Amino acid sequence: MMTTLPTTAQLTERARTALERCGASGFEAPAPTGQSARTPITGEPLFDIAYSTSAETDQAIGTAQETFRTVWRDTPAPQRGNLVRRLGELLREHKDDLADLVTIEAGKIRSEAAGEVQEMIDICDFALGLSRQLYGRTMPSERPGHRLMETWHPLGVVGIITAFNFPVAVWSWNTAVALVCGNTIVWKPSELSPLTALACHGLLMRACQDVGAPMGVHQVVLGEREVGARLVDDPRVALLSATGSVRMGQQVGPRVAARMGRCLLELGGNNAAVIAPSADLDLAVRGTVFAAAGTAGQRCTTLRRVIVHEDIADQLTDRIVGAYGQLRPRIGDPFDDDTLVGPLIAERAHTALHGALERAAADGGRVLTGGERCLEKEAPDAYYVEPAVVRMPSQSEIVCEETFAPILYVLTYRTLDEAIELHNGVTQGLSSAIFTQDQREAERFLAASDCGIVNVNIGTSGAEIGGAFGGEKDTGGGRESGSDAWRAYMRRATNTVNYSDELPLAQGVNFL
Ligand code: NAD
């Protein structure tokens, strides 16, 4: 590892510059609060920020609701699209600034951070087009002189709670679509990425000014889960879109349901790839290594299990272990163009990785490579690790859990049925893949995988915005981003219009 890490002072300076360029202001707390923005690159605090009080959160929801009622819901959708168009332009202009902040706060390597901002730009383009395509259907009425149709209407205030690992893209999937659908927004970002949130808010406020949209359409509230819980419990929040761990979804979902609110849950995954004997192994190895070790194993779609046919298991694992050897010298400063693996988000991720490796060993697992901490001397408070590959004799309890760190478990199978059973034998259902050149196998897997995302000959991570994103089972069932995911942000009304001078009842009922 040749990398020299930047100092916290350098990162602080860089973060301040990016924030100012994005038009974020007043972010530093005037007096020490003990609530710091931090960077996983050095593991140290950048500067103190102020968390939102309950009165401020209450006011943010109130402002969003007022703006919805008085202006935004009645603004024509193509005009609402104009705001998102302007946001997309500003994101293009400030791509580097936002990518800097994503790298500083989430520890993503530069190209992945820039890719995340590109996703924001893409969803703005998508949402702009969508603003002219919020189609409802018309259906033939069974009654003469009647028209039957569906119309779509905004919901109101959308609460967005996001996770640390996609600090800006997930916000933009929700925000760009929710705004063109006519909703206003209150965002509670992860407590680990408040600065990227302030920068996004700054850019959106500039977009509002530039196109004459009301600034009340978007509010940010900062803090830990207690602040999120206020959005969860407030009946003025019509839709709560929450991204994070399954544990978080299990707490949040029932509470929103209890007040008859709507919930859109995007929760943890435990993603697997089946690698069949006919697979192109070059593709399979590259797809596996990026999906498993990229983002230091901290994507919801990270590949956590490889289910490989026993005839090619040794060959494949040797090649994966060889490729992991090439990663080893490229772990370090995520700003360095040569780096492929940045830091874990915090100590708790490292503790989870170690605990998981110990449990895997107790279940008969053999660590083939990785798991060691690096750069400890250079940055004692940061957690850099070598991505690990573990050969497992069976799918034990630990393999069925999502450990949010770079551990790839290798399991073997004999028949495709067995592979599918192993694949679906976890509680999560986000992303899945098969590597095969056998069309029958591919088609069988496409139908049999119980995940929201099912790929052939590409890895589990790196989705495009054009499709609906989300997963089944404990992953929560929500869909965001492209396709018809916009429907979650609107309510449907079925309308019957009688333009005759009779009043025939449906189903031929006679009454008076
Ligand atoms: P987390 O669950 O710890 O926190 C996520 C967010 O929820 C944070 O903003 C947090 O403050 C808030 N929160 C937590 N408990 C809450 C509660 N009871 N009430 C209200 N708010 C609460 O997750 P994390 O560590 O930030 O992110 C990693 C997890 O997120 C992984 O499990 C990953 O798979 C998942 N994730 C899923 C997707 C997806 O689209 N399916 C995307 C990104 C991350």
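For the reader, a short list of remarks on this structure follows.
- The rule of thumb for compact globular proteins, 2.2 N^0.38 Å, goes into the C-alpha radius of gyration of region 218-358 1.37 times.
- Ser278 accessible area, assembled protein chains, probe 1.4 Å, Å²: 40
- About its Cα centre, the chain has a charge dipole of approximately 1280 debye under the convention of +1 per Lys or Arg Cβ and -1 per Asp or Glu Cβ, with nothing else charged.
- Cβ-placed point charges (K, R +1; D, E -1), dipole of region 377-512 about Cα centre in debye, nearest 20: 160
- Area accessible to solvent at His354, 1.4 Å probe radius, in Å²: 80
- Under-5 Å amide H pairs with Val308, H placed in peptide plane, nonlocal only: Ile275, Leu411, Thr412, Tyr413
- Convex hull volume per residue in cubic angstrom - Cα atoms of the chain: 167
- Close amide H pairs (under 5 Å, H built 1.01 Å from N) link Trp187 with Ile160, Gln219, Val220, Val221, residues at least 5 positions away or on another chain.
- For region 438-512 versus region 15-34, the spacing of their alpha-carbon centroids is 41 Å.
- Between Ala9 and Glu28, full extension at 0.36 nm per residue minus the direct alpha carbon distance yields a gain of 5.3 nm.
- In sequence order, region 92-108 has phi-based couplings of 4, 5, 10, 4, 5, 4, 5, 4, 4, 5, 5, 5, 5, 8, 9, x, 5 Hz under the Karplus curve 6.51 cos²θ - 1.76 cosθ + 1.60, θ = phi - 60°, and Gly or Pro positions carry x.
- Computed over the alpha carbons of region 271-465, Rg followed by Dmax gives 15.9, 52 Å.
- Dipole-positive endmost among Val285, Val274, Val256 within region 240-319 (Cβ charges, Cα centre): Val256
- Rolling a 1.4 Å probe over the protein heavy atoms gives the chain an accessible area of 41 Å² per residue.
- Taking region 194-213 and a reference point 7 angstrom along Cα→Cβ of Glu89, the backbone N atoms nearer than 15 Å belong to 203-213.
- Solvent-accessible area, 1.4 Å probe, carbon plus sulfur percent, for the chain: 49
- Distance distribution note for region 219-292: the fraction of Cα pairs above 16 angstrom is 60%.
- Estimated distance in nm for a label pair at Met260 and Asn424, the labels positioned 7 Å out from Cα along Cα-to-Cβ: 3.6
- Taking all protein chains together and rolling a 1.4 Å probe, Asp48 ends up with roughly 40 Å² accessible.
- Charge-dipole axis of the chain as Lys and Arg at +1 and Asp and Glu at -1 on Cβ define it, positive-most pick from Val454, Ala313, Ile420: Val454
- Were the residues from Arg147 through Arg247 laid out at 0.36 nm apart, the gain over their Cα-Cα distance would be 31.4 nm.
- Per the Kirkwood formula applied to alpha carbons, region 156-293 shows a radius of gyration over Rh ratio, Rg over Rh, of 1.09.
- Over all other residues within a Cβ to Cβ distance under 13 Å of Thr4, the charged ones net out to -3, with Lys and Arg as +1 and Asp and Glu as -1.
- Amide H contacts under 5 Å for His146: Tyr499, restricted to partners 5 or more places along the chain or on a different chain, H placed in the peptide plane at 1.01 Å from N.
- Relative intensity of region 1-41 on a log10 scale, I(q)/I(0) at q = 0.16, 0.33 Å⁻¹, equals -0.53, -1.18, per a Debye sum over C-alpha point scatterers of equal strength in the absence of solvent.
The values are calculated or read from the model by the stated rules, or taken from the named source; none is laboratory data. Source: prediction; values computed, not measured. Positions of Cβ are backbone-derived with ideal geometry, glycine not excepted, and every protein chain shown enters the neighbour counts. Each accessible area value is taken on the protein alone, full model and side chains, heavy atoms only, with ligands, DNA and RNA left out. Shrake-Rupley method; radii C 1.70, N 1.55, O 1.52, S 1.80 Å.
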